Amino acid sequence: FFDSLQDQFDNLEKHTQWGIDILEKYIKFVKERTEIELSYAKQLRNLSKKYQPKKNSKEEEEYRYTSTRAFLATLNEMNDYAGQHEVISENMTSLITAELTRYVQELKQERKSHFHDGRKAQQHIETCWKQLEASKRRFERDCKEADRAQQYFEKMDADINVTKADVEKARQQAQLRHQMAEDSKAEYSSTLQKFNSEQHEHYYTHIPNIFQKIQEMEERRIVRIGESMKTFAEVDRQVIPIIGKCLDEITKAAESVDHKNDSQMVIEAFKSGFEPPGDIDFEDFTQPMKRTVSESSLSNSRGDGKSEPKFGSKSKGKLWPFIKKNKLMSLLTSPHQPPPPPPASASPSAVPNGPQSPKQQKEPLSHRFNEFMTSKPKIHCFRSLKRGGAGPEDFSNLPPEQRRKKLQQKVDELNRDIQKEMDSRDALTKMKDVYIKNPQMGDAASVDHRLAELGQNIEKLRLEVQKFEGWLAEVEGRLPARTEQPRRQSGLYEAQSAAGVTGCAQDRESPDGSYTEEQSQETEMKVPATDFDDEFDDEEPLPTIGTCKALYTFEGQNEGTISVAEGEMLYVIEEDKGDGWTRIRRNEDEEGYVPTSYVEVYLDKNAKGA
């Protein structure tokens, strides 16, 4: 085919160079594609790692739900998905880029060799052509010289005035030129025949062979680039099944999401076992009478002056355990009337930042109810709960259902520790037996100390298990259906109580119903002391949060208040909650409310209790 382009040698050389350039361009394209695949895989791995839950963190606990487990499975599959893109990059680099780069170097050397042979053959035929031209010009020149010499001889021979010697000399010269012309003719004829032979060999043998090799080289290049493009597609196609499996796993994980199960897990995780409060009675402010609250309300009023037993009574008010008691009581059961204005002021409104005037309308009860509804649960009435410190060992600061779960987890954890210690003890026992049978392997007495330690550890762990199982049995005994409210007890259950919560810290409250740690000083019916009475004897009083100085004398004649003298220094145990009253303490036996405008408060978060 290419032998028909013998007169297009230079164009053919340019075309083959263009073919090599195309091959190098394709190599560059594939190389950039592999870099993109690697970058994409790296970004996918970083993305998957970024959203993986951190170990031993709260975030890891959130992955117990089916939706979050499905998300975690998606992250893991994306990691495998990224790995397939790395495989694409590796295969393209090894099967295409590296192979074609090596082939291009070989192709350049082969092309250079073929065109070198072509130029060499062309130079040879050109040399033969030059020799033919030189022989032809020499033959032509000798023929002209012989013709002139013959004409000169004939002229001399016809001239009678020329001597015979001159004529002879002219004749010899003519013969010599004729002989030279004959020699040049013979040489020209020989050179011509040789050139014709070389030319035929050049155009019908050498050049066609060279062009045939160039054609084969070019066709191999075209086939090779086509095969590389096919490999380019096959590399992608090979990972499609694995990528499909990754996507199938993501779909499977998504289909495993169970909204009902997740909802149930949320219920189990946050279920407290407490019951919501009852209805609040209507409070009639049209008659000058003391505010009363029903037995099912959120506060426990003692304003009626009637004495009632402190324990075992069904008529005692029930506090909703989701609410901080201090906040609840300060919102709903602080002294019912607004505090009086300072003596020096003409009216309550004249006091800067003073409490609300008695004539101003009270904040609606629903607003206060909404406020404490959003507060976080915290139970203050457990003996082992130290204020400001870590939770108690028996988890008594938790709602009953949560406490049961924590206790069960602790029991399981201790049982696992016991099993580990027992396995270690069994292993050491076997080692000791081996040492006894084969003293050369070791001293059997060397493991006795460790065996004794393990025995002590196991005994301690078993005692811990018994302790936590006792607490667990106590909780489960009071929660047969895991829905009743917990009640702290020592030796006796309240026989008649169905779902009531025992009063925090022996139901010690201020006269108006707000929370306090002190025994009520009012006249109440006394009940015989029992183990139940001693349940919270070691309960710490409310800590002081600062000090205050009385600016005016306050008589404290209303229920729940305390009298102070001007200039007296006292402890602050509860800030003003917006109702104009501040709770203070004089000593361990005297505490109550005073108008906020009557004292100057100095808060100190690090202040110690009285």
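The values are calculated or read from the model by the stated rules, or taken from the named source; none is laboratory data. These figures come from a predicted structure and were not determined experimentally. Virtual Cβ from ideal backbone geometry, glycine too; neighbours counted across all protein chains shown. Side chains included, ligands, DNA and RNA excluded: accessible areas come from the protein's heavy atoms. Shrake-Rupley method; radii C 1.70, N 1.55, O 1.52, S 1.80 Å.
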TODO: Could you grab me the full set of residues in segment 153-170 that are open to solvent by 70 Å² or more (accessible area, probe 1.4 Å) and either closer than 29 Å to Arg137 by Cβ or not assigned by the TED database to the domain that holds Asp142 (or both)?
DONE: Glu154, Lys155, Lys169
Open item on the list: Suppose we keep only residues that are surrounded by 13 or more Cβ atoms within 10 Å (Cβ to Cβ) and polar (S, T, N, Q) within segment 52-71. Which one would you say is nearest to the chain's Cα centre (by Cα)?
Closed with: Gln52
TODO: Sort out which residues of segment 187-203 are surrounded by 12 or more Cβ atoms within 10 Å (Cβ to Cβ) and not acidic (Asp, Glu), and write them in order of number.
DONE: Tyr188, Ser189, Thr191, Leu192, Lys194, Phe195, Asn196, Gln199, His202, Tyr203
Open item on the list: Among the residues of segment 44-51, are any surrounded by 16 or more Cβ atoms within 10 Å (Cβ to Cβ) and not small (Gly, Ala, Ser)?
Closed with: yes
Task: Check on Gln105, among the polar types (S, T, N, Q), within 24 Å of Ile20 (Cα to Cα) and open to solvent by 70 Å² or more (accessible area, probe 1.4 Å) - done: yes
Task: In segment 85-102, the residues that are more than 17 Å from Ile243 (Cα to Cα), open to solvent by 50 Å² or more (accessible area, probe 1.4 Å) and under 41 Å from the mean Cα position of the chain (by Cα) - done: Thr93, Ser94, Leu95, Glu99, Thr101
TODO: Return the total of residues in segment 387-444 being open to solvent by 50 Å² or more (accessible area, probe 1.4 Å), in a loop (DSSP other than H, G, I, E, B) and either more than 30 Å from Gly273 (Cβ to Cβ) or in contact with a Pro (Cβ under 9 Å, 6 or more places away or on another chain) (or both).
DONE: 4
TODO: Could you tell me whether segment 545-554 includes any residue that is under 21 Å from Pro340 (Cα atoms), at pLDDT below 90 and open to solvent by 70 Å² or more (accessible area, probe 1.4 Å)?
DONE: no
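Out of curiosity, is Ile207 at pLDDT 90 or above, open to solvent by less than 40 Å² (accessible area, probe 1.4 Å) and of a type outside the set (S, T, N, Q)?
On the way: at pLDDT 90 or above: no; open to solvent by less than 40 Å² (accessible area, probe 1.4 Å): yes; of a type outside the set (S, T, N, Q): yes.
No, not satisfied.
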Open item on the list: Just checking, does segment 266-281 include any residue being over 30 Å from Val475 (Cα atoms) and free of Cβ contacts under 8 Å to residues at least 60 places away in the same chain?
Closed with: yes
Open item on the list: Checking the structure you have, find out if any residue of segment 266-274 is outside the structural domain of Asp80 (by the TED database), over 30 Å from Gly118 (Cα atoms) and open to solvent by 90 Å² or more (accessible area, probe 1.4 Å).
Closed with: yes
- [ ] Please tell me if Ala82 is of a type in the set (A, V, I, L, M) and either open to solvent by 90 Å² or more (accessible area, probe 1.4 Å) or within 22 Å of Ile243 (Cα to Cα) (or both).
- [x] yes
- [ ] Name the residue, out of Val475, Val447, Val465, that is open to solvent by less than 20 Å² (accessible area, probe 1.4 Å), assigned to a helix (DSSP H, G or I), modelled with pLDDT of 85 or more and at negative phi.
- [x] Val465
TODO: Inspect segment 214-237 for any residue being of a type in the set (Val, Ile, Thr), over 30 Å from Ala121 (Cβ atoms) and either touching a strand residue (DSSP E or B) at 6+ places or on another chain (Cβ under 9 Å) or touching a residue at least 24 places away in the same chain (Cβ under 8 Å) (or both) and give the result as yes or no.
DONE: yes
